[in-house]
Amino acid sequence: MSEYRCDRCGNEVNPARYEIGYTTCKPCGEKRARAVKHTVLPLHKSNYMVPANREEIMGFNNKGGFYR
């Protein structure tokens, strides 16, 4: 029996997975990962930006007109 148990459901966790820092089993880790959503916006002729709040997204594409 493994000494490594999932923090959420108590199922057995692969020892190699636990050693690199994952304390959840694969199904619980998948559920946790799918709960987080990220938005990435492309900047004109530049790199990408991760907005901090919803107000930064409004009017982001100023090529179509000024939004307020």
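Observations
- Cβ-Cβ contacts under 9 Å between residues 6 or more apart (or on different chains), taken from a first residue in region 21-49 that is free of Cβ contacts under 8 Å to residues at least 40 places away in the same chain to a second residue that is loosely packed, with under 10 Cβ neighbours inside 10 Å and β-branched (Val, Ile, Thr), are listed as His38/Val50; Thr39/Val50; Val40/Val50; Leu41/Val50; Tyr48/Val40; Met49/Val40.
- Against the conditions (1) in a helix (DSSP H, G or I); (2) in contact with a Phe, Trp or Tyr (Cβ under 6 Å, 6 or more places away or on another chain), Gly59 satisfies every one except (1).
- Filtering Lys45, Lys37, Lys31 for residues that are over 14 Å from the mean Cα position of the chain (by Cα) and of a type in the set (Lys, Arg) leaves a single hit, Lys45.
All of the numbers you see were taken from the coordinates with simple rules; none came from a lab. What you see is a predicted model, and the numbers here were worked out from it, not measured in a lab. No Cβ is skipped: glycine too gets one built from the backbone with ideal geometry, and neighbour counts run over all protein chains shown.
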